[in-house]
Amino acid sequence: MIGPKALLLDFGGVIVDAVKRQTWAAELAAEVRDLLGRAGFDGLALEEIESDIRAGARADGYWKDSTSRQLAPEEMTHRRFWADFVAADWPDQARWLVSAEATALCRRMGELRSERKLRAGTEDLLAACWAHGVTPAVVSNALCGTVHRDYLAGNGLDRRLAVQVYSDEVGVRKPNPEMIWIACRALGVDPAHVWYVGDTYDRDVVCGARARVGATVLMVSRSTEKIPYKVRQSPQATVEDPHGLLSLLEERWT
């Protein structure tokens, strides 16, 4: 593992820990019902809306697992998520309305669904990267990358990152190697000179291998052991947290 010129970081599980909020679907359902009501539609009960939102999220999870077996998966569009995964059996007006508001609703879903906490050591990691000429960036799958951008800006980290690449914004998702290559082209570096750091095997480790990065580093999180199926690719290193990643980098700097 040679020292990298750029460090590409996943968002969830690497920069932040996310814990699901139990009330997220009920809160979102209430907002969707209000949205429908303002348009003059009252043909769905609150309980039906919440049930379909939960069903859509579950189906989306299965879909994500299936795409990580593909060579170059594309990302789910906001409109498709709401029209096909949540509102497939809704009356036409309701389905058209949530389709029209799909991006705003995906953003709201991302805001409500999880509580996020910056992983300890992240700020030190980013500062050390800049001090040693290593450019840090984000490469992450996301239903709505704006939620991640808002979080980073709210914590003053957006200006410590050279670029942020989110799957919903670029139209492809990991393990499609194009996710990493987009960031590499934006930074003007060869993939062989970057490290990619993620917390999952089927998305992140596979993506790093396919992109032929200099090294793929697995950072352990709550998601790491949630492997939908065995993958043959292996990381070049495994760390427990951002402190461990910084130590790994410092070994290359000394």
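The values are calculated or read from the model by the stated rules, or taken from the named source; none is laboratory data. Predicted model, so just to flag it, every value in this text is computed and none were measured. Neighbour counts are summed over all protein chains in view; Cβ atoms, including those assigned to glycine, are modelled from backbone coordinates with ideal geometry. Calculation scope for accessible area: heavy atoms of the full protein, side chains included, ligands and nucleic acids excluded. Shrake-Rupley method; radii C 1.70, N 1.55, O 1.52, S 1.80 Å.
Relative to the longest principal axis of the Cα atoms of the chain, helix 102-113 runs at roughly 70 degrees.
Axis of helix 46-67 versus longest Cα principal axis of the chain: the two differ by about 30°, to the nearest ten degrees. Between ASP42 and ARG21, the C-beta separation translates, for a Förster distance of 25 Å, into a calculated FRET efficiency of about 0.40. The C-alpha atoms of the chain define a longest principal axis, and helix 178-187 lies at about 60 degrees to it. Report, please, the projected area of the range 113-153 averaged over directions, based on the convex hull of its C-alpha atoms, in nm². One quarter of the hull surface, i.e. the mean projection, equals 3.5 nm². The order of TYR166, TYR201, TYR62 by accessible area, most exposed first and with a 1.4 Å probe, is TYR62, TYR201, TYR166. The simple Förster model, with R0 at 41 Å and r as the Cβ-Cβ distance, assigns LYS226 and ASP190 a FRET efficiency of 0.80.
Listed cross-link partners LYS20/LYS230; LYS64/LYS230; LYS5/LYS226; LYS20/LYS117 are compared with a 23 Å cut-off, the Cα-Cα value being larger for LYS20/LYS230; LYS5/LYS226. Residues SER167, SER223 ordered from highest to lowest accessible area at a 1.4 Å probe: SER223, SER167.
Stokes-Einstein, applied to the Kirkwood radius of the range 1-102 over Cα pairs at a viscosity of 1.567 mPa s and 4 °C, places its translational diffusion at 82 µm² s⁻¹. Length gained on full extension, GLU123 to THR77: 13.4 nm, using 0.36 nm per residue less the C-alpha separation. Sites listed here are trypsin sites (Lys or Arg not before Pro) in the range 1-47 whose DSSP assignment is loop and whose Cβ has at most 15 other Cβ atoms within 10 Å: ARG21. Taking the centroid of alpha carbons for each part, the range 31-106 and the range 134-210 are 26 Å apart. Largest GNM mean-square fluctuation among ALA127, ALA87, ALA215, using the chain with Cα springs under 10 Å: ALA127.
For the pair THR103 and ALA131, a Förster radius of 41 Å applied to the C-beta separation gives a FRET efficiency near 0.65, rounded to the nearest 0.05. Calculated mean residue ellipticity at 222 nm for the chain: -13000 deg cm²/dmol, from DSSP H runs with n ≥ 4 weighted as -39500 (n - 2.57), summed, divided by the residue count and rounded to 500.
For VAL172, nonlocal amide neighbours, meaning residues 5 or more places apart or on other chains whose placed amide H falls under 5 Å from its own, are GLU75.
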